[in-house]
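Taking it in order: structure first as structure tokens, then the write-up.
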Amino acid sequence: MSQHVFACHESGAARPASCAGFLLRGAEHNLSVRLAQLQDRLDLSDVREDGRALFDSYRDMAVANGVGEDEECLRQCR
């Protein structure tokens, strides 16, 4: 029930947006996402993969992008 939402690296700082991969791969347990849906501020049916590589977990995404499997920053990841 985290309240933190993973940001999209493609949207940039000027127009921040939530990561589509995050929304499509596990956001159902995120408190902020659930509240946004209940308040009609987020419709997940609008979120698309658009051919981008998505991963089953944050750990998988980080490792695919060069983070070592045994690095400290990944120890608490599910």
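Output the residue which, of all residues in region 1-42 that are surrounded by fewer than 16 Cβ atoms within 10 Å (Cβ to Cβ) and among the basic types (Lys, Arg), is farthest from TYR58 (Cα to Cα).
Ranking the qualifying residues of region 1-42, first place goes to ARG41.
Please verify whether ARG52 is modelled with pLDDT under 90, assigned to a loop (DSSP other than H, G, I, E, B) and surrounded by 10 or more Cβ atoms within 10 Å (Cβ to Cβ), treating the condition exactly as stated.
yes
Can you name the residue in region 55-76 that is of a type in the set (A, V, I, L, M), in a helix (DSSP H, G or I) and modelled with pLDDT of 90 or more and is also surrounded by the most Cβ atoms within 10 Å (Cβ to Cβ) among such residues?
Looking at residues that are of a type in the set (A, V, I, L, M), in a helix (DSSP H, G or I) and modelled with pLDDT of 90 or more, I get VAL63.
If I ask for residues that are among the polar types (S, T, N, Q), closer than 22 Å to ALA64 by Cβ and touching a residue at least 12 places away in the same chain (Cβ under 8 Å), which ones from region 4-54 would you list?
Within region 4-54, SER18, ASN30 meet the criteria.
Quick one: is GLN37 polar (S, T, N, Q) and assigned to a loop (DSSP other than H, G, I, E, B)?
Criteria not met by GLN37.
The values are calculated or read from the model by the stated rules, or taken from the named source; none is laboratory data. This structure is a prediction, so every number in the text was calculated from the model and none was measured. With ideal geometry, Cβ positions are generated from the backbone for all residues, glycine too; neighbour counts draw on all protein chains shown.
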